[in-house]
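**Q** Attaching a single structure in C-alpha cells format; questions to follow.
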Amino acid sequence: MKFIVGYKKGMTQVFDQKGRVHPVTVVEASAVTVTQVKTSEKDGYMAVQIGYGTQKESRIAKPQRPKGLHRGLKEFRIADAAGLTLGSTVDASVFKEGDVVQVSALSKGKGFAGVVKRHGFHGGPRSHGQKHSERERGSSGGGPGRAGGRVAKGMRMAGRMGGDRVSVSNLIVMKVDAAKNQLFIRGAVPGRPGTLVEIRSKSK
C-alpha cells in the first residue's frame, strides 16, 4: 500500500491527454521518514509509523526524541512492509497518475449551527398560524413510551458543526510533481487550506 501525509494548499485545474479540464486539489506532500515498523509477532498487527515535518527539540517529548525531530507522527496499517525499514523515506513519487486513493483529514469547522444546516431538517410549516418556526427542530422529549418522556441520548440538535475526521474514497491522482513534492488530486479533499491530510492507496 502507498501512503504519505501532506498539507492541502488550494485548488487549480489540469488538462488530461485528451484536452479535458479537471478541477484538482493541490497537496504539498514532502518526504516523510519511517520511524517504526510494527509487526504481528511483536505488536499484534502490521503497521508503519512515519514522522513528518520538523520541530525544535524543546517542543518534543523526551520519549519521542530518539525517533527524530519531527513535527508529528502518523501510523498506517499495511499488509506487507517490504521495502520499508527504519529510517527510510517516502515521498510523493510513490504515487503515479491514475492512482485511486483515500484521503482523510479534519473537515472545515462551521461553528455553531442549527438543525436545518447541521442535519438537514426541513423546519416547521410556513402557514396556518405558525410563527417563528421556519427553522425550528420541533419537540424532542417524546411521550411516556419513549425514554420515559426524557430527551434520548444522541438526539439530533443544534450544536458545533464540522471539525470531524472525514475520509473520502475513490479520489484520483491526476498529476504528480515530484520536484515540488506536490500531488494534484481530483475529488472532494476534506479540510481547509493548510489542513494536514493523510493519503493512502487502496490495498490490492
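The values are calculated or read from the model by the stated rules, or taken from the named source; none is laboratory data. This one's a predicted model, so the numbers in the text were calculated from it and none came from an experiment. For neighbour counting, all protein chains shown are included, and Cβ atoms are generated from backbone atoms with ideal geometry for every residue, glycine included.
**Q** Please list, ordered by first then second residue, the pairs with beta carbon atoms under 8 Å, 6 or more apart or interchain, first in the stretch 181-196 and assigned to a loop (DSSP other than H, G, I, E, B) and among the charged types (D, E, K, R), second crowded, with 21+ Cβ neighbours inside 10 Å and at pLDDT 95 or above.
**A** Note: pairs meeting the criteria are R192/K8.
**Q** Just to confirm my filter: which strands (runs of 3 or more DSSP E) fall fully inside the stretch 24-101 and include at least 2 residues that are more than 24 Å from the chain's Cα centre (by Cα) and in contact (Cβ under 8 Å) with a residue 24 or more places away in the chain?
**A** Here the list is empty.
**Q** If you go through the stretch 121-141 one residue at a time, do you hit one that is modelled with pLDDT of 90 or more, closer than 30 Å to Q13 by Cα and surrounded by 14 or more Cβ atoms within 10 Å (Cβ to Cβ)?
**A** No - not one qualifying residue is present in the stretch 121-141.
**Q** Looking at (1) in contact with a Ser or Thr (Cβ under 7 Å, 6 or more places away or on another chain); (2) surrounded by fewer than 19 Cβ atoms within 10 Å (Cβ to Cβ), find the lone condition where I185 falls short.
**A** Every listed condition holds for I185 apart from (2).
**Q** Of the conditions (1) more than 30 Å from V26 (Cβ to Cβ); (2) at pLDDT below 95; (3) among the β-branched types (V, I, T), I78 clears all except one; give me its number.
**A** (1)
**Q** Would you pick out the residues in the stretch 1-31 that are over 13 Å from V197 (Cβ atoms) and either surrounded by 18 or more Cβ atoms within 10 Å (Cβ to Cβ) or in contact with a helix residue (DSSP H, G or I) (Cβ under 6 Å, 6 or more places away or on another chain) (or both)?
**A** K2, V24
**Q** Going through the stretch 168-180 one residue at a time, which ones are in a strand (DSSP E or B) and either under 24 Å from Q17 (Cβ atoms) or not assigned by TED's automatic domain parsing to the domain that holds G19 (or both)?
**A** Matches in the stretch 168-180: N170, L171, I172, V173, M174, K175, V176, D177.
**Q** Filter the stretch 102-120 down to residues that are of a type in the set (G, A, S), surrounded by 12 or more Cβ atoms within 10 Å (Cβ to Cβ) and not in a strand (DSSP E or B), then give me how many there are.
**A** Number of matching residues: 2.
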